[in-house]
1. Say the dipole of segment 37-186 comes from +1 at the beta carbon of Lys and Arg and -1 at that of Asp and Glu; which of VAL81, MET93, SER166 then lies farthest toward its positive end?
2. Give the relative contact order (percent, whole number) for the chain; include only Cα pairs under 8 Å separated by 6+ residues.
3. Output the relative contact order of segment 37-186, whole-number percent, from Cα pairs under 8 angstrom with separation of 6+ residues.
4. Could you work out Rg/(2.2 N^0.38 Å) for the chain, with Rg from alpha carbons only?
5. Pick from GLU42, GLU25, GLU305 the residue whose mean-square fluctuation is largest in a GNM of the chain, springs joining Cα atoms under 10 Å.
6. When N is the residue count of segment 37-186, what does its C-alpha Rg come to as a fraction of 2.2 N^0.38 Å?
7. Suppose a student asked you for the relative contact order of segment 292-420, using Cα pairs under 8 Å spaced at least 6 residues apart; what percent would you report?
8. Could you give the size of the charge dipole of segment 37-186 about its Cα centre, using +1 on the Cβ of each K and R and -1 on the Cβ of each D and E, expressed in debye and rounded to the nearest 20?
Amino acid sequence: MSKKNSMLANALANFDKTVPLLRSEFHDDVFERLRFCKERSELRLAPQLSDGKSHVFMAYVVEHSNTLGAAKGGIRMAPDVTIDDVSALAMEMSWKCALIGVPFGGGKSGIVADPSKLSAFDKETLIRSFTRGALRHIHPLVYVPAPDMGTNEADMGHIKDAISYSQGLATTQGCYITGKPVLLGGIPGRREATGRGVSIATVEAMKMLGMKPKGATAIVQGFGNVGSVAAMALEEKGLKIVGISDVYGALYNEKGLDLKKLFEHVKKTGTIKGFTDGKAIDGRALLECPCDVLVPAATANQITEENAGIIKAKIIAEGANGPTTPEADDILEKRKVFVIPDILCNAGGVYVSYLEYTQETQQEQMTEVEVRARLENRMTEKFALVAKTATERKLHVRQAAMYLAVKNVCTAIVARGALP
Ligand code: NAD
């Protein structure tokens, strides 16, 4: 990939586009503070795995900003994750938390490993090793991780256990980690929150554009936590899922894929590949197939200047972080494709993480019905705010979302006052 479209370059380009919108309201030094991450740590983990040997893994913990509160952001486990990717994702978390209205700053971590090549035992050992290495960062008032690509609920359970064990306590005091299993203090509906949030934002966009969900078509890239739930939730809202992909393959069926059967197939085989109810096609080509809504829910830089001109969707709902490059954004804006930006579209996850955080801090219990109702309210409220700002200020939706988010963080910096 060219350096031009590294995740960090894209995140900085989006930030730099936003600064002129706020220049009359804040001094330049405020923007300068936010252009870089506050802290970037590089860890060298050396757990002993099941083969009896010690293996070296690099890991990164990055805090972009803690102005609004403890840094919040998931742990990405991928063979190619870099400290710059983690920095870009941490920066995006600052904007996402500020936009969706939760008192968290932006953070993220990364573990350089391929989860598909680790046994369950080795993955748990690596996660415990990461927890030990990152323990001086992970704290309810410092950095609160969650799942991201390559990590899941079970991993969060192991992190909580590793921390309470190291403290000699039965449990942790306060919320050190979100996205845990419900039995270990997690909140019902957290695992589904990001995908459900994507579906709520999509339907709001459809209403705004005068499109009816019933019978509309959607393509979802990625069939992990976000993609699989988004597909299911969109189907519940009446859309027909005509295309799905994962890292191993892609399927298209203009009549609509049978999701129930697809879930069963994935449960058995671990991939959508080999499912016979749709036509197997190339994963890149899938993004260009006819549909009303395209949900990139896999990884960054999927919609680029090469395919932005040919994508047929009227709405792009960014389930993934950073799936669209700034160059592609310009093309989509000219083509009047409605892009629901990641910091809004996939913010349901961090919103419900905040509910988990408050639940654990207050030793309360919330039901899934409450969680879903609050998620629906928050997503529709913030969608309306971003849409109104875009119309009033004649901004592309991403710019409107960034304007609101960066403004909130800048306002908080000024409110906290000068550092000595
Ligand atoms: P996951 O690991 O559960 O799933 C990722 C999915 O994407 C898998 O199905 C994988 O096979 C697929 N994939 C990877 N590369 C692909 C490619 N090139 N083409 C097609 N499919 C590909 O991860 P997740 O938690 O669902 O996260 C997906 C995206 O959503 C990431 O960008 C993540 O940062 C973002 N996100 C996740 C959350 C969350 O709560 N999990 C919250 C906000 C944003």
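No value in this document is a laboratory result; all are computed from the given coordinates. None of the values given here were measured: they were computed from a predicted structure. Backbone-built Cβ (ideal geometry, glycine too); neighbour counts: all protein chains shown.
1. The residue sitting farthest along the positive end of the dipole is SER166.
2. Computed value for the chain: 16 percent relative contact order.
3. 24
4. The chain yields a ratio of 0.94.
5. GLU25
6. For segment 37-186, the normalised Cα radius of gyration is 0.98.
7. 19
8. Magnitude of the dipole: close to 320 debye.
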